[in-house]
1. Taking the stretch A:226-272, which residues are among the small types (Gly, Ala, Ser), closer than 30 Å to A:PHE190 by Cβ, at the interface with chain B (Cβ under 7 Å from one of its Cβ atoms) and crowded, with 23+ Cβ neighbours inside 10 Å?
2. Being farther than 26 Å from A:HIS265 by Cβ and of a type in the set (Val, Ile, Thr) is the filter here, so list the residues in the stretch B:260-282 that pass it.
3. Quick check: anything in the stretch B:191-201 of a type outside the set (Val, Ile, Thr), under 29 Å from A:ILE222 (Cα atoms) and facing chain A (nearest Cβ under 10 Å)?
4. Only residues that are within 19 Å of the chain's Cα centre (by Cα) and of a type in the set (Asp, Glu): list them for the stretch B:253-295, please.
5. Of the numbered conditions (1) in contact with an Asp or Glu (Cβ under 8 Å, 6 or more places away or on another chain); (2) at the interface with chain B (Cβ under 7 Å from one of its Cβ atoms); (3) buried (at least 17 other Cβ atoms within 10 Å of the Cβ), A:ILE214 fails exactly one; give the number of that condition.
6. Look through A:ILE58, A:ILE99 and report the one residue that is in contact with a Lys or Arg (Cβ under 7 Å, 6 or more places away or on another chain) and outside the structural domain of A:ILE191 (by TED's automatic domain parsing).
7. Could you check the stretch B:44-79 and list, in sequence order, the residues that are free of Cβ contacts under 8 Å to residues at least 24 places away in the same chain and part of a strand (DSSP E or B)?
8. I'm told A:GLU15 meets every condition in (1) over 20 Å from the mean Cα position of the chain (by Cα); (2) buried (at least 20 other Cβ atoms within 10 Å of the Cβ); (3) of a type in the set (Asp, Glu) except one. Can you identify the failing condition by its number?
There are 2 protein chains.
Amino acid sequence: MKIALDAMGGDSAPESPIAGAVRAAREFEDVGIVLVGLKDVIEEKLSGYPSRPPNISIAHASETIGMDESPANAVRKKRDSSINVGLDLLKQGEVQAFISAGNTGAAVAASTLKVGLLPGVERPGIAIQLPGVKGDTTLIDVGANINPKPMHLLQYALMGDAYCRYVLGRANPKVGLLNVGEEEGKGTEFIKETYDLLQTGKFNFIGNVEGHDIFSGEVDVIVCDGFAGNVALKTAESLAHAISTLLKRALSKSVITRIGAFLAHDAFAQLRAEIDYAERGGAPLLGINGISIIAHGASTGKAIKNAIRVARESVRSELNRHLVEAVAAYEQQTKPAQP
Amino acid sequence: MKIALDAMGGDSAPESPIAGAVRAAREFEDVGIVLVGLKDVIEEKLSGYPSRPPNISIAHASETIGMDESPANAVRKKRDSSINVGLDLLKQGEVQAFISAGNTGAAVAASTLKVGLLPGVERPGIAIQLPGVKGDTTLIDVGANINPKPMHLLQYALMGDAYCRYVLGRANPKVGLLNVGEEEGKGTEFIKETYDLLQTGKFNFIGNVEGHDIFSGEVDVIVCDGFAGNVALKTAESLAHAISTLLKRALSKSVITRIGAFLAHDAFAQLRAEIDYAERGGAPLLGINGISIIAHGASTGKAIKNAIRVARESVRSELNRHLVEAVAAYEQQTKPAQP
């Protein structure tokens, strides 16, 4: 199995992608990792490591798409960017998965344009795993599709259900629709239509859920439009950061609280690990005809290593075959009977 | 000044509203507090206090709207509910403000139907204050209007700006539009139209902001549609609860971490106070022709006391006069010149 990694994407590229690649190459010896980007820069960074794992190779790409560039333009104009070159490798079957911590919009646009969608899938959706009190919840979509149709959310539910079953290994995942209240009939016309459509799917649809349910861990899959999902995700990141900053400030106020913080260090470390996005690695862009993983822009080496783990598990579990089957089974089920 | 309080609304009603009313009555001796609800029940609860403040009175209402009832139906059918009776008092000028921690949808619907909107205002919006690293941010709307037009968000910006200036006492508040990216041109058609409209207002519009900015405290007012705002608010509550639960669990793991937690107690108390919604009390429903405050369903006595403080400050600062002036000034500014 070969996985291409955008070596130039992310806030701390190329250092973090390369660090993650080296860690993953050592942990997953059955995976060949192709670092995509400026060959000279990558070679130089790799030479800083005591030894270079034999399962790391380089694919040169002369351009880099910046984090703030307009996605559509960048993908069209920078044909030799690391995102485009990596996705070309995926399209040509040279690799089985592609990972980028770079410009999310560009990664989504290029994945869709170059590799295309799985048969039957109308739009891809970013499926992110979020920590919760009772376990993780997969939220889909968090920004690939900010103006979806109800059918897109139905397909996100079908794909999210299959992802939970076949990659995360959960039986009969609970699927909820993100709304402003739990009662049937709540929400906008779009939400009400989506609710009705979700009831026609052969998955365990538990109805409307609210923002309250995202971090409870009571629901396995929550589907939403990419605008609300993006807002929810970034709001959560913002609050986690604010709590951490305010707590550090409060803990440093007196000698007593500083001693307390020192003694409680293990507990803080445990909490950090439990809610750390880096443990979860990357968010698959479900619906793409090839495994494409969106990693967080702030990805550390550990996060990249885990994104490679997610890509590897997605390939090994034949995720896309299951997605195609789920979407096809729904089409079959709703097709009018032959006369 | 008189303020009516729904004694029957909220998860721990009537105890918490009554406890909050007693605290507020002692702290704000210039305010008369009218408890609205079942007279016998309120009398009985009040008799449990060592002394009854002279500035507390009761207005009987024979019905109660449940937290999960369909708002529109409940408001129409339960004419003698505490929400309806309290808002009748506001409409008749018997009180200058009304507060409910009950069914939010019912409080919004009844406020709009009974008291009506301020001249020029098209839709009311719930303006909630959220804590941040560098100070509070006011997010409007968090659920009154889930399918708004761009003009509604323009009016939220005008009203949020005036609220910040005249109630919170901030000079030149920064106003942002909640979006999925900061660059101009991001977002749905609705968002793009709203962005253009916001540029025409005479407030300090800083452009698009993201979920990241909600808890940074860098922006004074963030406007959004009520669906995204509601999702953001509930997601944040959910995460704060999850972090608190996971941290408690982690801190109780060993004797050392338990001692650490004991010593760090003051720091946790400070953090709790900083992010405590109860300190902020209630969220004004801006645009109503009278002060109507939405309190959190889980309001404690302290939260209710602070909601009464918010109502008192809104009345004293003549909030609604400022809102009307802000909306009228915009209308004037955009009116075509007379021939």
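The values are calculated or read from the model by the stated rules, or taken from the named source; none is laboratory data. Note that this is a predicted model, so its numbers are computed, not measured. Here the Cβ positions follow ideal geometry from the backbone for every residue, glycine too, while neighbour counts run over all protein chains shown.
1. The answer is A:ALA228, A:ALA232, A:ALA236, A:SER238.
2. Passing the criteria: none in range.
3. Within the stretch B:191-201, not a single residue is of a type outside the set (Val, Ile, Thr), under 29 Å from A:ILE222 (Cα atoms) and facing chain A (nearest Cβ under 10 Å).
4. B:GLU274, B:ASP276, B:GLU279
5. (1)
6. A:ILE58
7. Passing the criteria: only B:GLU63.
8. It is condition (2) that A:GLU15 fails.
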